[in-house]
Structures are given as C-alpha cells and as structure tokens.
Amino acid sequence: MGAGAAAVILAKERHIVGRFRDVGVTSPASARRLADIGVGEGIALRRLRRHEVIREASPGMFYLDEPVWNAVRNTRRRMLAVLLVIVVVISVGVTFGFLSLT
C-alpha cells in the first residue's frame, strides 16, 4: 500500500469515527444501522471493525468503541515515533559513515 493510499484510508477512518460521534452512537445501547449513520461499507470500515473500533451490538447495529479508538490511535502514534527514530538513526549513521570515508 502506497503512502498516499494509506493516508486516504486513515482519513476515511477518521471520517467514519466522526460520523459515529456526530450521531452519538458511542455505546451498545445507542447502536444504529450504518445507513442511519451515513456510513457505507469499504476498506476503512472493515479495518475499524477488524480493530474492534466499530462494534456490532446486535445483527446490523453498530457503535463506536471510543476507548478502543483511542488505543488504536495511540499505538499508531507510537509506531510512527519509533519509525522516525529509526530513520533518524540510520540517516545519522549514513552521514557519519560518508564523512569518515572522505
């Protein structure tokens, strides 16, 4: 998956979560059908369901699990921070490696 495609999917995930929040569907008791929320099936929704951010309270009735969404976002941020640290360490290593060769 390219960076652009990943960014689009993440934006769609945030949009879906926002729709659930806007409609107030944040507990099993407030669960509604996707059509009532204004959300369609797609890869972003499938990812949110796989991570259990969007849960099915009863057949065809869905709600947003806010604590899980927060945990998923925090995990993604930590992974991004680790990746950035790795890139910086490699860049510094390459830079000093080239400087010592000249």
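The values are calculated or read from the model by the stated rules, or taken from the named source; none is laboratory data. Model, not experiment: these values are computed from the prediction. Because the Cβ atoms are built from the backbone with ideal geometry, glycine has one as well, and the counts that use them run over all protein chains shown.
Residue-level check: of (1) closer than 12 Å to residue 17 by Cα; (2) in a helix (DSSP H, G or I); (3) in contact with a helix residue (DSSP H, G or I) (Cβ under 9 Å, 6 or more places away or on another chain); (4) not hydrophobic (A, V, I, L, M, F, W, C), residue 76 misses just (1).
Among the residues of region 26-38, are any in contact (Cβ under 8 Å) with a residue 12 or more places away in the chain, touching a helix residue (DSSP H, G or I) at 6+ places or on another chain (Cβ under 6 Å), of a type outside the set (S, T, N, Q) and surrounded by 10 or more Cβ atoms within 10 Å (Cβ to Cβ)? Yes, region 26-38 contains a residue that is in contact (Cβ under 8 Å) with a residue 12 or more places away in the chain, touching a helix residue (DSSP H, G or I) at 6+ places or on another chain (Cβ under 6 Å), of a type outside the set (S, T, N, Q) and surrounded by 10 or more Cβ atoms within 10 Å (Cβ to Cβ).
The residue list 41, 56 contains one member that is charged (D, E, K, R) and part of a loop (DSSP other than H, G, I, E, B), which is 41. On the given criteria, is residue 32 within 18 Å of the chain's Cα centre (by Cα) and either at pLDDT 95 or above or of a type outside the set (D, E, K, R) (or both)? When the stated conditions are applied, residue 32 does not pass them. For region 6-24, the condition holds for at least one residue, the condition being that it is surrounded by fewer than 16 Cβ atoms within 10 Å (Cβ to Cβ) and part of a loop (DSSP other than H, G, I, E, B).
Residue count for region 17-35 under the criterion of being closer than 15 Å to residue 45 by Cα and among the hydroxyl-bearing types (Ser, Thr, Tyr): the result is 0. Which condition number in (1) of a type in the set (Phe, Trp, Tyr); (2) surrounded by fewer than 15 Cβ atoms within 10 Å (Cβ to Cβ); (3) not in a helix (DSSP H, G or I) is the one that residue 62 fails? Every listed condition holds for residue 62 apart from (2). Answer yes or no as to whether residue 68 is in a loop (DSSP other than H, G, I, E, B), surrounded by 11 or more Cβ atoms within 10 Å (Cβ to Cβ) and free of Cβ contacts under 8 Å to residues at least 60 places away in the same chain. Against the criterion (in a loop (DSSP other than H, G, I, E, B), surrounded by 11 or more Cβ atoms within 10 Å (Cβ to Cβ) and free of Cβ contacts under 8 Å to residues at least 60 places away in the same chain), residue 68 does not qualify.
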